[in-house]
Amino acid sequence: MSIAFFILAAIAILGAVMAISLRNVIHAVFSVLMFFSALAGLFLLLLAEFIAAVQVLVYIGSVGILMLFAIMLTTKVMGDSTRTVLSRGSVWGGLAVGALLIGVLLPFLSKPQVAPDSLLADYNPSVQELGLVLMDPYFASVAVIALLLTAGLIGAVVAASSASETNEP
């Protein structure tokens, strides 16, 4: 299991780094999808099958396809090729993020470890309980947001198709 964790973690880090460094937007989206799928694999290693399934359905399925549709509706897919990865102080930014990460993680790593059995001895969650906690008070707002996102996507398709029809001779 330890080897699988390191392989999936390396794939996730590689996907995230490729997503921010690639100039082609379509390749960057596929790198984000690679990151999301490695993250779903890490959830499976943690025995969180429901969260892994949600990761696959929501992020890889919905968000990834939505990003690809948004890219298909744009005209410029390639980024500025004159800039390099190390332009505009990305080294300093990387060092600042690394220092911030160490500063945030250091207090947690220096604490003594607590036995996990004492914390979760009588807790037995279920998928139904998780669904009720997450969706019961927010069902109406989630449904309205889903309808608004669908209407926005339909509006973008209509706007893009009417703009392409007016530009053609």
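The values are calculated or read from the model by the stated rules, or taken from the named source; none is laboratory data. Predicted model, so just to flag it, every value in this text is computed and none were measured. Cβ sites come from the backbone with ideal geometry, for glycine too, and all protein chains shown count toward neighbours.
Set side by side, the residues 36, 69 differ, and just one is closer than 30 Å to residue 158 by Cβ, modelled with pLDDT under 85 and assigned to a helix (DSSP H, G or I), which is 69. Where the second residue is modelled with pLDDT of 90 or more and surrounded by 16 or more Cβ atoms within 10 Å (Cβ to Cβ) and the first is over 21 Å from residue 55 (Cβ atoms) and lies in segment 15-34, which pairs have Cβ atoms under 7 Å and are six or more apart or on separate chains? Pairs found: 22/31.
Could we say that residue 6 is part of a helix (DSSP H, G or I) and over 27 Å from residue 146 (Cα atoms) here? Yes, satisfied. Of the numbered conditions (1) over 17 Å from residue 18 (Cβ atoms); (2) modelled with pLDDT under 80, residue 86 fails exactly one; give the number of that condition. The number of the failed condition is (1). The residues of segment 37-60 that are within 21 Å of residue 72 (Cα to Cα) and surrounded by 17 or more Cβ atoms within 10 Å (Cβ to Cβ), listed by number, are 59, 60.
Each residue in segment 37-65 was checked for being more than 22 Å from residue 131 (Cα to Cα) and either without any contact (Cβ under 8 Å) to a residue 24 or more places away in the chain or out of contact with any Leu (no Cβ under 7 Å at 6 or more places or on another chain) (or both), and 2 of them qualify.
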